[in-house]
Amino acid sequence: MSRGKDGPEDVDATFAEIVADLRAEGVGLFPDDAPEKPAEKPAEKTPRPEPSDAEPEPGWRGGGTSWDKTLFEDDPSGSSDDEGHFVPPEPPPLPRPRKGAFIVLLFFLLGLLLLIAPTLIGMGTRLGTPLGILALATAIALLLLRVRQGPPPGADPHNGAQV
């Protein structure tokens, strides 16, 4: 194979040669497919022993549990006890919404209504669109103002991270 300035002159032939070498080694073949006969040095490869029924099925990538066994059986490890399973604690109750949350929700819904269908409340689109944008902007601003800044109550700001 002769190489030019930018690589081999016959790219298709070089590619076909590389693919043939890889196929001869079994790359890209499924286990059910019959491998092609290697073009050179067939005596170097030792024949692979056929798995018998007494031997366990080889797992994915060289050992372990097979994919079907892991996916379709209950417990691939064989243990039936529930030891070691994590049971999460009950989540804390949701905090009660305060008056500020209702005001933000009211501005948000009013802004959406004015942008989507201002004629429902007897207003034209010429006046409803700017008022809807203003109501949405007010809702977002009020929502951002409600975000707490600084350390939580009871935390010492000079102590660093606490676990």
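The values are calculated or read from the model by the stated rules, or taken from the named source; none is laboratory data. Just so it is clear, the model here is predicted, and its values are computed rather than measured. Virtual Cβ from ideal backbone geometry, glycine too; neighbours counted across all protein chains shown. Ligands, DNA and RNA are stripped out before the accessible areas are found, and what is left, the full protein with its side chains, is counted by its heavy atoms. Shrake-Rupley method; radii C 1.70, N 1.55, O 1.52, S 1.80 Å.
In what order, largest first, do E25, E17 sit by accessible area if the probe radius is 1.4 Å?
E25, E17
With label points built 7 Å along Cα→Cβ from the Cα atoms of A16 and L112, find their separation and express it in nm.
So the label points at A16 and L112 sit 6.3 nm apart.
Heads up, I need the accessible area for R98: 1.4 angstrom probe, whole protein in place, Å², nearest 10.
Solvent-accessible area, nearest 10 Å²: 140 Å².
Can you work out the FRET efficiency for the pair L120 and L143, with r the C-beta to C-beta distance and R0 = 35 Å, to the nearest 0.05?
The calculated FRET efficiency here is 0.90.
If you count only protein heavy atoms and use a 1.4 Å probe, how large is the accessible surface of F102, to the nearest 10 Å²?
120 Å²
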